[in-house]
Amino acid sequence: MIKKIDHVGIAVNSVSSVKTMFKTLFHLEPAFEEVVEDQKVKVVGFRLGDTNLEFLEPTGPDSPIAKYLKKRGEGIHHLALGVDNIEETLERFQQNNLRLIDETPRQGAEGKLIAFVHPKSLFGILLELSQEKPE
Ligand code: ZN
(Lines give C-alpha, C1' and ligand atoms only; values in the text may rest on other atoms or scores of the structure.)
Protein backbone atom coordinates (compact mmCIF):
# COMPACT_ATOMS: atom_id res chain seq x y z
CA MET A 1 0.00 0.00 0.00
CA ILE A 2 2.84 2.45 0.72
CA LYS A 3 4.67 2.82 -2.56
CA LYS A 4 7.40 5.31 -1.81
CA ILE A 5 8.32 8.58 -0.18
CA ASP A 6 6.46 10.84 -2.57
CA HIS A 7 8.02 14.06 -1.37
CA VAL A 8 9.39 16.04 1.53
CA GLY A 9 7.71 19.42 2.03
CA ILE A 10 9.92 22.29 3.17
CA ALA A 11 8.57 25.65 4.33
CA VAL A 12 10.49 28.65 2.99
CA ASN A 13 10.07 32.41 2.84
CA SER A 14 10.93 32.59 -0.85
CA VAL A 15 10.90 29.84 -3.49
CA SER A 16 12.84 32.06 -5.87
CA SER A 17 15.92 32.02 -3.64
CA VAL A 18 15.62 28.22 -3.49
CA LYS A 19 15.56 28.09 -7.31
CA THR A 20 18.65 30.25 -7.52
CA MET A 21 20.46 28.10 -4.98
CA PHE A 22 19.56 24.81 -6.67
CA LYS A 23 20.66 26.17 -10.01
CA THR A 24 24.00 27.31 -8.62
CA LEU A 25 24.73 24.28 -6.46
CA PHE A 26 23.26 21.42 -8.49
CA HIS A 27 22.52 22.86 -11.96
CA LEU A 28 18.97 21.74 -11.31
CA GLU A 29 15.79 23.37 -12.61
CA PRO A 30 12.40 22.76 -10.97
CA ALA A 31 10.36 19.88 -12.40
CA PHE A 32 7.19 21.84 -11.67
CA GLU A 33 6.04 25.07 -10.21
CA GLU A 34 2.46 25.86 -9.24
CA VAL A 35 0.14 27.64 -6.86
CA VAL A 36 -2.08 25.34 -4.80
CA GLU A 37 -5.01 27.63 -4.00
CA ASP A 38 -6.51 25.23 -1.52
CA GLN A 39 -3.45 25.49 0.74
CA LYS A 40 -2.48 29.03 -0.23
CA VAL A 41 1.04 28.04 -1.20
CA LYS A 42 3.37 28.42 -4.13
CA VAL A 43 5.10 25.08 -4.69
CA VAL A 44 8.41 24.53 -6.45
CA GLY A 45 9.27 20.87 -6.88
CA PHE A 46 12.60 19.27 -7.72
CA ARG A 47 12.63 15.67 -8.90
CA LEU A 48 15.28 13.54 -7.21
CA GLY A 49 14.92 10.03 -8.56
CA ASP A 50 11.42 8.87 -7.69
CA THR A 51 10.97 11.46 -4.95
CA ASN A 52 10.42 15.21 -4.95
CA LEU A 53 11.65 17.96 -2.75
CA GLU A 54 8.82 20.46 -2.56
CA PHE A 55 9.49 23.97 -1.37
CA LEU A 56 6.45 25.82 -0.08
CA GLU A 57 6.07 29.56 0.07
CA PRO A 58 2.91 31.10 1.53
CA THR A 59 0.79 33.19 -0.86
CA GLY A 60 -0.93 35.06 1.98
CA PRO A 61 -0.78 35.68 5.73
CA ASP A 62 -3.61 33.20 6.35
CA SER A 63 -1.73 30.33 4.69
CA PRO A 64 -0.91 27.43 7.04
CA ILE A 65 2.69 27.78 5.85
CA ALA A 66 2.75 31.46 6.86
CA LYS A 67 1.66 30.42 10.35
CA TYR A 68 4.30 27.70 10.43
CA LEU A 69 7.08 30.09 9.36
CA LYS A 70 6.04 32.60 11.99
CA LYS A 71 6.09 30.00 14.71
CA ARG A 72 9.11 27.90 13.75
CA GLY A 73 10.92 29.54 10.87
CA GLU A 74 12.03 27.78 7.69
CA GLY A 75 12.54 24.03 7.68
CA ILE A 76 11.11 20.59 7.00
CA HIS A 77 7.34 20.83 7.23
CA HIS A 78 5.95 17.44 6.27
CA LEU A 79 6.69 14.00 4.87
CA ALA A 80 4.49 12.64 2.10
CA LEU A 81 4.00 8.95 1.43
CA GLY A 82 2.67 7.76 -1.90
CA VAL A 83 -0.17 5.27 -1.48
CA ASP A 84 -2.22 3.48 -4.10
CA ASN A 85 -5.60 3.93 -2.40
CA ILE A 86 -5.90 7.02 -0.26
CA GLU A 87 -9.55 6.48 0.75
CA GLU A 88 -8.81 3.00 2.01
CA THR A 89 -5.69 4.20 3.85
CA LEU A 90 -7.63 7.00 5.57
CA GLU A 91 -10.29 4.52 6.61
CA ARG A 92 -7.70 2.21 8.14
CA PHE A 93 -6.04 5.12 9.95
CA GLN A 94 -9.40 6.15 11.33
CA GLN A 95 -10.17 2.64 12.52
CA ASN A 96 -6.88 2.76 14.41
CA ASN A 97 -7.81 6.06 16.04
CA LEU A 98 -5.24 8.20 14.29
CA ARG A 99 -6.11 11.86 14.31
CA LEU A 100 -6.80 13.00 10.75
CA ILE A 101 -6.55 16.59 9.62
CA ASP A 102 -8.39 15.70 6.40
CA GLU A 103 -11.04 13.04 6.65
CA THR A 104 -11.57 13.15 2.91
CA PRO A 105 -8.86 13.67 0.26
CA ARG A 106 -8.35 17.03 -1.40
CA GLN A 107 -6.41 18.43 -4.33
CA GLY A 108 -2.62 18.76 -4.02
CA ALA A 109 0.19 19.75 -6.38
CA GLU A 110 0.55 17.86 -9.70
CA GLY A 111 -3.13 16.85 -9.61
CA LYS A 112 -2.55 14.39 -6.78
CA LEU A 113 -5.11 13.53 -4.13
CA ILE A 114 -3.78 14.33 -0.68
CA ALA A 115 -4.76 14.17 2.99
CA PHE A 116 -2.89 15.17 6.14
CA VAL A 117 -2.57 13.20 9.37
CA HIS A 118 -1.95 15.01 12.67
CA PRO A 119 1.64 14.86 14.04
CA LYS A 120 0.27 13.99 17.50
CA SER A 121 -0.74 10.62 16.06
CA LEU A 122 2.56 9.88 14.35
CA PHE A 123 5.65 10.55 16.44
CA GLY A 124 5.62 14.27 15.75
CA ILE A 125 5.60 13.85 11.97
CA LEU A 126 3.08 15.79 9.94
CA LEU A 127 2.26 13.09 7.42
CA GLU A 128 0.70 13.64 4.04
CA LEU A 129 -0.83 10.75 2.14
CA SER A 130 -0.61 11.21 -1.57
CA GLN A 131 -2.20 9.31 -4.44
CA GLU A 132 -1.20 9.86 -8.05
CA LYS A 133 -3.76 11.37 -10.36
CA PRO A 134 -5.54 8.52 -12.22
CA GLU A 135 -4.21 8.15 -15.77
ZN1 ZN B 1 3.15 17.91 0.39
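The values are calculated or read from the model by the stated rules, or taken from the named source; none is laboratory data. Quantities reported herein were computed from a predicted structural model and do not represent experimental measurements. All Cβ positions, even for glycine, are placed from backbone atoms using ideal geometry, and neighbour counts span all protein chains on display. Surface accessibility is based on the protein's heavy atoms, side chains included, excluding ligands, DNA and RNA. Shrake-Rupley method; radii C 1.70, N 1.55, O 1.52, S 1.80 Å.
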Give just the number: which of (1) open to solvent by less than 20 Å² (accessible area, probe 1.4 Å); (2) touching a Leu at 6+ places or on another chain (Cβ under 9 Å) does SER121 not satisfy? (1)
What is the number of the single condition among (1) closer than 20 Å to PRO134 by Cα; (2) in contact (Cβ under 8 Å) with a residue 60 or more places away in the chain; (3) more than 15 Å from the chain's Cα centre (by Cα) that LYS4 does not meet? (3)
Given the conditions (1) at pLDDT below 95; (2) surrounded by 14 or more Cβ atoms within 10 Å (Cβ to Cβ), and given that GLY111 satisfies all but one, which numbered condition is not satisfied? (2)
Expected single match for surrounded by fewer than 19 Cβ atoms within 10 Å (Cβ to Cβ), more than 27 Å from GLU57 (Cβ to Cβ) and either within 16 Å of the ligand (Cβ to nearest atom) or touching a residue at least 24 places away in the same chain (Cβ under 8 Å) (or both) among ASP102, ASP84 is ASP84
What do you reckon, is GLU135 more than 15 Å from the ligand (Cβ to nearest atom), of a type outside the set (Gly, Ala, Ser), over 19 Å from VAL36 (Cβ atoms) and modelled with pLDDT of 95 or more? no
